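S.K.: Please read through the structure below; I'll follow up with questions.
The values are calculated or read from the model by the stated rules, or taken from the named source; none is laboratory data. Computed from a prediction, not measured in an experiment: that's the story for all the values here. Cβ placement follows ideal geometry from the backbone for every residue including glycine, while neighbour counts extend to all protein chains displayed. Ligands, DNA and RNA are stripped out before the accessible areas are found, and what is left, the full protein with its side chains, is counted by its heavy atoms. Shrake-Rupley method; radii C 1.70, N 1.55, O 1.52, S 1.80 Å.
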Amino acid sequence: MRAILATTRPADWLLVTILLLLAWFEIWVEPIFQTGMPGPQVPLTLLAAVALTSLLARKAFPLAALTVSSLAMVAVGVVGDSDQSTFVVLLGLLVATYSLAAYATSSNALIGAGVLVVATVVYESLTFVDKTLVDVVVPMLFLAGAWIVGREVHGQRQQAREAAEHAVLLARTHQLETDGAVAAERTRIARELHDVVAHAISVMGIQAGA
C-alpha cells in the first residue's frame, strides 16, 4: 500500500476519478460513447470501479494493475449485455497497457502483453454484436501502440539511468585519480623535505666536527 501511495500522483487520482464518473454515468444515466455499458447496474458499477481503481497501482505494480483491469473488462463482458462498447473501461485498459510497458521489466511486459491479448479476444467474442472487423481491430491496434510507446519510453529511461550511473562512475574515478595525485605529490614533497633536513643535519654535523 505504501508503494502505491508513494508512486501515485494527484494526476493519477484525477484520471481515475474522471474515468469512474464517466463509466458510472453510462451505467446509471445514458451512454456517452456508442452503446455504453448496458446491463445489470450494480454489478457493472462494482466491476467498473475494480477495473479503473487498479490504475492507481499502475506504476508500483504494473503487471498486477493490467491483469486486474483485463479480468474486470472480461467480467463486464460476461455480466453486461452483449451489445456494449465499454469504451471508458477500454480507455483505462489503454493506460494500464502503456504503464505496463513503461514501468515493468521485460519479462513482465511480455507476460502482460499475453494477458492483454487473451482478455481482449475473449471480451470481443463476448460483445461481438453489430460490430465490424474494424470495430474489433482498431482497439487492438491502439492497445498495441500503447504497449510499443511504453517500451520505447522504458528504453529511453533505462538509457538515461545508465548514462547517469556512468557519469557518477566517471566522477568517482576522477576523484580517486585526483586524490591519488594529491597523495603522491604530498609524498614527494615530504621526501624532498626529508632529504633537505637530512642534508642540513649532515652539514651541521660536519661543521661541528670541524
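S.K.: Can you give the accessible area of ILE111 in Å² (nearest 10), computed on protein heavy atoms with a 1.4 Å probe?
M.R.: 90
S.K.: On a 0 to 90° scale, report how tilted helix 106-126 is relative to the longest principal axis of the chain, with both axes built from alpha carbons and the result rounded to the nearest 10.
M.R.: Value to nearest ten degrees: 10.
S.K.: Still on this structure, please answer the following. For a quick check of understanding: with a 1.4 angstrom probe and all protein chains in place, what accessible area in square angstrom does HIS194 have, to the nearest ten?
M.R.: Near enough 120 Å² of accessible area.
S.K.: Next question, about the same structure. Gaussian network model of the chain, Cα springs within a sub-10 Å range: biggest mean-square fluctuation belongs to which of LEU21, LEU94, LEU44?
M.R.: LEU21
S.K.: Let me ask another. Over region 97-187, what is the relative contact order in whole percent, taking alpha-carbon pairs under 8 Å and six or more residues apart? Present the calculation step by step, with values, prior to reporting the outcome.
M.R.: Values: 36 pairs, mean separation 40.8, N = 91.
Value for region 97-187: 45 percent.
S.K.: A follow-up question, please. Which value in nm describes the separation of the simple spin-label points at LEU14 and SER82, placed 7 Å from the Cα toward the beta carbon?
M.R.: 4.2
S.K.: OK, next. For region 1-52, would you read off the P(r) tail past 13 Å as a percentage of all alpha carbon pairs?
M.R.: Pairs farther apart than 13 Å: 61 percent.
S.K.: In addition: Of VAL89, VAL138, VAL122, which is the most mobile in a GNM of the chain whose springs link Cα atoms less than 10 angstrom apart?
M.R.: VAL138
S.K.: Also: Normalised by the residues of region 33-133, what does the relative contact order come to in percent, with Cα pairs under 8 Å and at least six apart?
M.R.: Numbers: 135 pairs, mean separation 34.7, N = 101.
Averaging sequence separation for qualifying contacts and normalising by length gives 34 percent for region 33-133.
S.K.: Under a Cβ-Cβ cut-off of 13 Å, what is the net charge of the residues other than VAL136 that fall near it, where Lys and Arg count +1 and Asp and Glu count -1? It would help to have the intermediate numbers written out before the result.
M.R.: On the way: positive: LYS131; negative: GLU124, ASP130, ASP135.
Local charge sum for VAL136: -2.
S.K.: Quick check for me: using +1 on Lys/Arg Cβ and -1 on Asp/Glu Cβ, what's the dipole size of the chain about its Cα centre, in debye to the nearest 20?
M.R.: On the way: 12 positive and 16 negative charges, 125 e Å.
Taking the Cα centre of the chain as origin, the dipole is about 600 debye.
S.K.: Sticking with this structure for a sec: Please report, for the Cα atoms of the chain, the Rg to one decimal and the Dmax as a whole number; what are they, in angstrom?
M.R.: Cα only, the chain: 32.4, 121 Å (Rg, Dmax).
S.K.: Determine how large the accessible area of TYR103 is when every protein chain is in place; take a 1.4 Å probe and give Å² rounded to the nearest 10.
M.R.: 80
S.K.: Under Stokes-Einstein, with the Kirkwood radius over Cα pairs standing in for Rh, what whole-number D in µm²/s applies to region 111-197 at 20 °C and 1.002 mPa s?
M.R.: 114
S.K.: Moving on to the next point. Can you tell me the relative contact order of the chain? Whole percent, Cα pairs under 8 Å, sequence separation 6 or more.
M.R.: Values: 218 pairs, mean separation 36.7, N = 210.
Worked out over the chain, it gives 17 percent.
S.K.: Around LYS59, with a cut-off of 14 angstrom between Cβ atoms, what is the net charge of the other residues, counting Lys and Arg +1 and Asp and Glu -1? Before the final figure, lay out each step's value.
M.R.: On the way: positive: ARG2, ARG9, ARG58, ARG157; negative: ASP12.
So the surrounding residues net to +3.
S.K.: Here is a further query. Quick check: pseudo-label points 7 Å beyond the Cα along Cα→Cβ at ALA164 and SER106, how many nm apart are they?
M.R.: Label at ALA164, label at SER106, 2.2 nm between them.
S.K.: Let me ask something else. Can you give the accessible area per residue of the chain, in Å², using a 1.4 Å probe?
M.R.: Working: 12450 Å² over 210 residues.
Here the per-residue accessible area is 59 Å².
S.K.: Sticking with this structure for a sec: Of the accessible area of the chain, with the probe set at 1.4 angstrom, what percent is carbon plus sulfur? Intermediate results must be reported in sequence, preceding the final value.
M.R.: Numbers: 8820 of 12450 Å².
It is 71 percent, rounded to a whole number.
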